[in-house]
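Structure, as structure tokens:
The values are calculated or read from the model by the stated rules, or taken from the named source; none is laboratory data. What you see is a predicted model; the values in this text were computed from it and never measured. Glycine gets a Cβ as well: all are built from the backbone with ideal geometry, and neighbour counts include every protein chain shown. For accessibility, only protein heavy atoms count, side chains too; no ligands or nucleic acids. Shrake-Rupley method; radii C 1.70, N 1.55, O 1.52, S 1.80 Å.
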Amino acid sequence: MASASRLLLIAGLLLAASCSRVEQDIIPAPTPPVYTIRAGFAGEEAGTRSRLDFDETYAKVLWTGGDAFKMYKMSTGGYSQTTYTTEDDGTEVATFTSTKRLGEDDSYTSIYPAQQYGVYKKNDDVLLRIPVPPVQTAVPGGIAEGLNLAAAWSSTQDADLQFKNLLSFVRFRLEGDAVSSLKSIIFDAGTTVAGDAALYFQEGELKFGYTSNFGTSVTYERSNTVTLSGTFVEGQDYCIAMVPASLTGGFTLTFNDGEGRIIQKHSSKALTLKRSRIVDFGTIDLGDAWSSDDQVIRYFTQTKGRKKNVVAVLADGFRAEELDLFESLAKDAVDYMFSVEPYKTYQEYFTVYLCRVASNESGAGITDESGKILTPVDNYFGSRWPEKSYSNMTANEETVKSYLSSHIPEIVSGELAQKDVPAVLLINDNRYGGVCHVKGTGWSYAQVPYQYAGRSIRWSFPSVQAVNVQDDSQGSRSTTDEEKDEMGRMVGDWRNTFLHEFGGHGYGRLADEYWSSKTVYTAPGPIAGHTYTVKYALNVSGYYGSVPWKADLLDHLDEWTARNPDYGRIGIWHGGHTSLYYRWRSEKTSCMIDNRPYYSAWQRILIVRKIMEKTGETFDMDEFIAKDVTLDPIRPVVPATASPEERSQILMRARSQALLVPEMPMLPPPVLEDE
């Protein structure tokens with residue numbers, strides 16, 4: 001009986017527990033509170049939308065069901081956020097709801113459309129990073145989804161909101177036969193109108209523009225151009241959205257067919273882009289006027305690699321009737337560069353464009369030593385330098401950037417950024433010169449004139465040497481004739497300047513390795529380019545004991561030399577980076593010393609690593625060694641069977657032939673900039 005009682009008791013407890021669980025399961029979850037506000041637009045000049053009415057001068061609001069905006073509670077101590085959504089459709093003022101309370105009243109900034117925006121602190125201000133894309137999709141009669149950026153501010157979470165558009169709009173209608181083959185339209189404002197901008201509350205109102213640098217945490221880099229790409233239809237209206245700005249220097253519209261042909265419309269009239277305002281350009285008749293002079297020719301086409309790797313050669317100082325000459329010279333220079341290792345072996349990883357850019361006048365401008373223009377020349381990119389020296393060689397950098405952005409198909413399509421395409425200006429000028437402008441971001445542009453109309457030039461191996469390699473060496477001596485014989489005498493022409501400035505500095509990001517007694521570092525020290533975002537000058541070292549080529553080459557020198565005796569040239573040699581002392585290079589001579597068609601083994605490795613990085617491939621040292629070609633064609637070829645007398649005759653003949661050619665000094669080192 002007792003056992004039966006205990007069983008009944010246990011059964012009752014289990015039943016009670018079961019009933020308790022059932023009752024708990026059917027209790028409905030508490031309904032979260034709903035916070036409701038109304039949102040519309042402020043006045044006729046400022047509004048937002050999910051659909052914009054472009055039939056008027058102002059952007060009219062039409063909300064769509066499902067629209068949402070993000071609300072941020074902003075304070076110097078931090079922020080919190082929530083999302084508000086509406087079910088209303090087609091109304092100018094809609095009801096939005098959220099289930100999250102942000103706390104006590106403070107400062108609330110709301111952004112449409114709803115997405116995650118970066119929050120930054122600058123002094124006492126809290127800023128939102130608002131991405132404005134420099135490449136936009138063409139939409140007939142409107143703009144692409146997400147470009148209708150708008151903001152509102154309130155001092156309480158429950159206040160009705162009056163949104164204001166953040167962006168300005170340019171509208172136009174297209175006509176003409178060329179519209180059917182149009183692939184992109186580039187609006188060049190001459191000032192920043194796209195890229196990540198800052199939104200912040202100050203002096204009683206929301207402000208929006210370019211006041212803060214977000215460093216590397218950006219969605220879009222700042223840009224002076226906005227590209228509208230896609231399929232275009234004749235008779236349709238199209239809009240470009242931009243950050244408000246004053247275009248004091250006018251603007252340019254470039255229409256591109258994706259094959260290098262363009263139609264360009266320029267206005268020198270100042271233009272003000274205001275928030276929410278539509279600037280109507282009316283009808284633009286393209287006709288069938290694709291330009292045949294201002295043309296981009298695809299000379300090499302990349303066939304290997306997972307990502308695009310593009311370089312461009314641009315004409316400067318060639319009039320329209322001289323562009324055939326430019327094309328011939330450009331092909332000659334590119335062919336020469338890709339006949340030299342490692343570019344020869346890795347040519348299939350490159351696309352090369354030749355840009356036939358017509359100038360109004362031939363040649364380049366002449367300046368004084370401070371850069372003041374003494375003799376102006378109306379060339380397209382503004383190339384200029386002093387008459388009797390090779391310093392201060394420059395061009396209009398923004399014009400170069402703008403041209404690349406509007407003409408190189410991979411930039412126009414958004415596959416590559418402008419900074420990803422190094423360029424070289426081939427200048428129609430007989431004067432000696434050459435320089436490369438190198439940026440920490442990885443972009444560069446070189447300038448190479450058609451110097452001496454292609455006649456031969458000689459560059460000599462440096463005439464002074466450091467006595468020893470060690471850090472404390474300060475003694476110097478003259479380079480002997482025997483040492484010069486060992487290196488060979490370099491005789492070439494302007495194409496060797498192209499090889500040095502563009503193949504070496506521009507693409508390879510190599511520093512100069514020549515030196516003289518005029519430039520002398522007094523102690524070991526770091527090299528700035530080694531810390532760039534895209535490394536520069538890794539072919540030279542500021543410290544004897546920790547050269548960059550140690551792990552790859554010096555630590556395996558016996559192995560590499562067993563494969564190929566030419567690797568026995570590798571070591572640590574004093575002199576380089578223009579200085580006799582406290583700079584070290586990996587081989588006695590190379591293209592970066594006297595422009596010869598030979599890059600050192602370490603330089604070849606750096607170039608191939610750059611190629612692999614840009615094309616999305618992996619660098620493999622064993623594969624590199626297997627493909628590597630070590631020939632230096634400038635070193636005198638003396639048969640192993642030659643007698644001492646025959647050897648002497650060969651070397652003497654090389655000296656005599658070189659002395660018949662005028663000698664020119666090495667050109668200035670690259671112009672380096674962090675940006």
Length gained when the stretch Ala453-Glu87 is fully extended (0.36 nm per residue, less Cα-Cα span): 124.6 nm
Here the gain from full extension of His530 to Gln115, 0.36 nm per residue of separation minus their alpha-carbon distance, amounts to 145.7 nm
As a test, work out the antiparallel percent of DSSP beta bridges whose residues both lie in the chain, rounded to the nearest 5. 70 percent
Have a look at segment 576-675 and give its Rg and Dmax from the Cα atoms, expressed in angstrom. 18.1, 57
Along the Cα-to-Cβ line of Ser181, 7 Å from the Cα, sits a label point; which residues in segment 221-237 have backbone N less than 17 Å from it? 230-234
Less than 15 Å from a label point 7 Å out along the Cα-to-Cβ axis of His266: which backbone N atoms in segment 172-191 qualify, by residue? 187-191
Which listed pairs, of Lys419/Lys535; Lys308/Lys331; Lys183/Lys307; Lys344/Lys610; Lys588/Lys614; Lys308/Lys419, have C-alpha distances above 19 Å, in listed order: Lys308/Lys331; Lys183/Lys307; Lys588/Lys614
Peptide ranges 190-198, 617-625 listed from the most packed, as the mean C-beta count within 10 angstrom indicates: 190-198, 617-625
Checking the cross-link filter: which lysines have an alpha carbon closer than 20 Å to that of Lys70, excluding same-chain neighbours under 8 positions apart? Lys100, Lys121, Lys164, Lys207
Give me the orientation-averaged projected area of the Cα convex hull of the chain, in nm², one decimal. 46.0 nm²
If you wrap a convex hull around the Cα atoms of segment 291-341, how much volume per residue is inside, in Å³? 99 Å³
Restricting to Cα pairs below 8 Å that are 6+ residues apart, what does the relative contact order work out to for the chain? Please round to a whole percent. 10 percent
When the Kirkwood radius is taken over all Cα pairs of segment 346-393, what Stokes-Einstein diffusion coefficient follows at 20 °C and 1.002 mPa s, in µm²/s? 171 µm²/s
Carbon-plus-sulfur fraction of the accessible area of segment 541-666, 1.4 Å probe, in percent? 55 percent
Helical contribution to [θ] at 222 nm, DSSP H n ≥ 4, -39,500 (n - 2.57), averaged over the chain, rounded to 500: -5000 deg cm²/dmol
Contour minus end-to-end for Thr95 and Asp237, with contour as 0.36 nm per residue of separation and end-to-end as the Cα-Cα distance? 48.0 nm
Normalised alpha carbon radius of gyration of segment 509-570 [divisor 2.2 N^0.38 Å]: 1.33
Which of the three applies to segment 257-401, rounded, prolate or oblate, going by the alpha-carbon gyration tensor with a ≥ b ≥ c and a/c under 1.5 meaning rounded? oblate
What distance in nm separates the simple spin-label points at Asn360 and Ser246, each placed 7 Å from Cα in the Cβ direction? 2.6 nm
Normalised contact order of segment 438-509, rounded percent, pairs of Cα under 8 Å and 6 or more residues apart: 44 percent
At 25 °C and 0.890 mPa s, grab the translational diffusion coefficient of segment 77-226 from Stokes-Einstein with a Kirkwood Rh over Cα pairs, rounded to a whole number in µm² per second. 139 µm²/s
